[in-house]
Amino acid sequence: MNYASHVNKVKSFILDYSKKTDISELLNNPLSELKETAYYLFDELITITPPIFFQEPHPIVELFKLIEQSLSPNLKVEKALLEHLETWWVEWHFVATMNAKLLNEHNDPQQKYLIAHTHHPMRNHELSHYAKLFTVLPMPICNVCVETGDILKVNQRYIDVFGFTINDTPNVDIWWEKAYPDIDKRNAARALWNASLAQAESNKGDIPANDYQITCKNGEQVIMQVSGINIGNEFLVVFNDATERIKAHEILSEMAFLDSLTKIANRRRFDEKIVDEFSRVKLANCQLSLIIIDIDNFKKFNDRHGHIAGDKCLYAVAQKLADTVSRPEDFVARYGGEEFVVLLPQTDKQGALFVAEQIQKAIEMLAIVHEDSFTGYLSVSMGINTVNHHQCDDHLTFIQAADDALYYAKNQGRNCIALSPGK
Ligand SMILES: Nc1nc2c(ncn2[C@@H]2O[C@H](COP(=O)(O)OP(=O)(O)OP(=O)(O)O)[C@@H](O)[C@H]2O)c(=O)[nH]1
């Protein structure tokens, strides 16, 4: 494109103003007449070359490069003026596109823009602040063309966070593919996004916030809360990093299901788990075993060694149980006080008995001195119950039967394993 007349106009603007004595004051005052005149200059340039909406980088960038080349690098004031003009151009161009959209003129946006721009200088001033916000807001923002899914404009934070510039940022369809390689998950995420867009239509264009995966240029996956505004033929999309929030939520829910003393799963987690496992047994032809473990004469241990030693002992036993029950599908929890539970999916009576014997040996190996115990060392009693899908009534009856077996084991003199007779 031939920019000769543009270059001359901008150059003479710069040369005129560089002679002014109060130029630095003018440059630093956002309401100065200099900035307003610059806006009118842009108007003129646009009249020579109509604005090309959705083109990045805008041809004006090329124009500014040409002007810079034709200016003497020693003239500080001229350079400063040129830099300001470039910044104002970014704001002004934003105003142009925003105005065209606000006027909702799809047929002839360029014409409409020119009318709007010359007739609403105050609104332009306001919008120039939005332009600044777009550039400096500390969260990634982009404009997306509704029709093509092309990303039309990105701010600096977008480039910093995702690694893509306006030149290499993928089309929205490719974003989805990269972020969700699994087709089912991708469809679910897209369905959520489409539902948000439908909601936006009845909500003045506001796209409600939801979490989505994003794949950065370096392949890193991040989770972003994505919201935005539907402005006619474009979305303005805003990203908020949700990774920290989700991590914190995971830690909190982990804490909610963790026994703080023994650092294994707590009773609440067990209550959930047993319901899940029980319904699985009902559906599939498999067995489920439960071992309830109770430390023998623990009251006397506490009485003799103190509560703190008792706590340490509970921790040691819990950790030993977790080490001993090692299949990934097995589950260990503190049931309450000095009682623990082990849930063994797809395990019959014999298998559960084998695990219980391993536990007995492991506790023996801890060799915690317990003067009031029969062996002189800490020991446990265990009750076992097993169900298959023919027999299962409900999980509470299942637990009760294991507890009855434990009671029986205690009555046998402790350090003992008892099996529930079953139905
Ligand atoms: N140190 C400590 N003790 C606990 C904790 N929770 C429960 N206990 C103690 O565990 C003891 C359980 O006592 P009992 O229910 O009488 O049972 P036991 O003395 O082990 O006797 P048997 O079970 O019949 O062998 C009580 O003294 C409780 O105070 C805990 O978190 N820390």
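Laboratory data are not the source of any read-out in this text; all were calculated from the coordinates shown. All of these numbers come straight from a predicted model, not from anything done at the bench. Positions of Cβ are backbone-derived with ideal geometry, glycine not excepted, and every protein chain shown enters the neighbour counts.
Annotation: the residues Ile359, Ile308, sorted from fewest to most other C-beta atoms within 10 Å of their own C-beta, follow the order Ile308, Ile359.
A straight Cα-to-Cα reach below 25 Å connects Lys79 with the lysines Lys9, Lys11, Lys19, Lys20, Lys35, Lys65, Lys132, residues fewer than 8 places away in its own chain not being considered.
More than 22 Å apart: what percent of Cα pairs in the stretch 141-245 qualify? For the stretch 141-245, the share of Cα pairs beyond 22 Å comes to 24 percent. Phi angles of the stretch 160-172 translate, via the Karplus equation with coefficients 6.51, -1.76, 1.60 and θ = phi - 60°, into HN-Hα couplings of 5, 7, 8, x, 8, 9, 4, 7, 10, 5, x, 5, 4 Hz per residue; Gly and Pro are given as x.
Tell me which chymotrypsin sites (Phe, Trp or Tyr not before Pro) from the stretch 158-242 have a DSSP coil assignment and no more than 15 other beta carbons within 10 Å of their own. Let's see the in-between values first.
Numbers: sites: Tyr158, Phe162, Phe164, Trp175, Trp176, Trp193, Tyr212, Phe235, Phe239; in loops: Phe164.
In loop regions of the stretch 158-242 (DSSP not H, G, I, E or B), there are no sparsely surrounded chymotrypsin sites (Phe, Trp or Tyr not before Pro).
For a quick check: sort Lys312, Lys9 by the number of other beta carbons within 10 angstrom, fewest at the front. Numbers along the way, then the final one.
On the way: Lys312 14, Lys9 17.
Listing Lys312, Lys9 from fewest to most nearby Cβ atoms yields Lys312, Lys9.
As a length-normalised measure over Cα pairs under 8 Å and 6 or more apart, the relative contact order of the stretch 141-245 settles at 27 percent. Normalised by residue number, the volume inside the convex hull of the Cα atoms of the stretch 191-267 is 141 Å³ per residue. Footprinting exposure proxy ranking of Ile295, Ile166, Ile274, Ile183, fewest other C-beta atoms within 10 angstrom first, gives Ile183, Ile166, Ile274, Ile295.
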